[in-house]
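Read through the structure below, which is laid out as structure tokens, and then see the notes.
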Amino acid sequence: MQTFLGDAPQAQNRLLDHMGDPRFRGVYFLLATLLPLADAQDLRERLIQYAADTKDHTVSDTFVQLLRTR
């Protein structure tokens, strides 16, 4: 989880690299609640785009629902 946080390019790349990896689903769900709102909204958009491209909505749908509760 900690390696996904921060402004470092490695953290940003990690967010993109693991979107399709089921082992990291829980991390994305935590990020929906822990990231600053603007960053979480940016990640939401990236996850939605990923879901549209891959037809894999397993992370994006729950992420959007969690973010809505904020």
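The values are calculated or read from the model by the stated rules, or taken from the named source; none is laboratory data. Not measured: the values here are computed from a predicted model. Cβ atoms come from the backbone with ideal geometry, glycine included; neighbour counts cover every protein chain shown.
So which residues in the range 45-70 are hydroxyl-bearing (Ser, Thr, Tyr) and assigned to a loop (DSSP other than H, G, I, E, B), if there are any at all? Give the derivation first.
From the range 45-70, those hydroxyl-bearing (Ser, Thr, Tyr) are 50, 54, 58, 60, 62, 69; that's our starting set.
Across the range 45-70, the qualifying residues are THR58, THR69.
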Legend entry - Subset of the range 19-44 (residues that are loosely packed, with under 11 Cβ neighbours inside 10 Å and either small (Gly, Ala, Ser) or not in a loop (DSSP other than H, G, I, E, B) (or both)): PRO22, ARG23, LEU37, ALA38
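Looking at the range 1-11, which of its residues are part of a helix (DSSP H, G or I) and out of contact with any Phe, Trp or Tyr (no Cβ under 9 Å at 6 or more places or on another chain)?
Just the residues of the range 1-11 that are part of a helix (DSSP H, G or I), to begin with: 2-4, 9-11.
Passing the criteria: GLN2, THR3, PRO9, GLN10.
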Inset, instruction - Taking only the range 28-63 into account, find how many residues are in contact with a Ser or Thr (Cβ under 6 Å, 6 or more places away or on another chain) and small (Gly, Ala, Ser). - result: 1
Legend entry - Tabulated pairs, the range 26-49, first within 15 Å of ASP7 (Cα to Cα), second in a helix (DSSP H, G or I), C-beta under 6 angstrom, 6+ apart or interchain: ALA40/ALA32; ALA40/LEU67
Legend entry - Which numbered condition ARG14 fails, given (1) among the basic types (Lys, Arg); (2) crowded, with 16+ Cβ neighbours inside 10 Å; (3) at pLDDT 95 or above: (3)
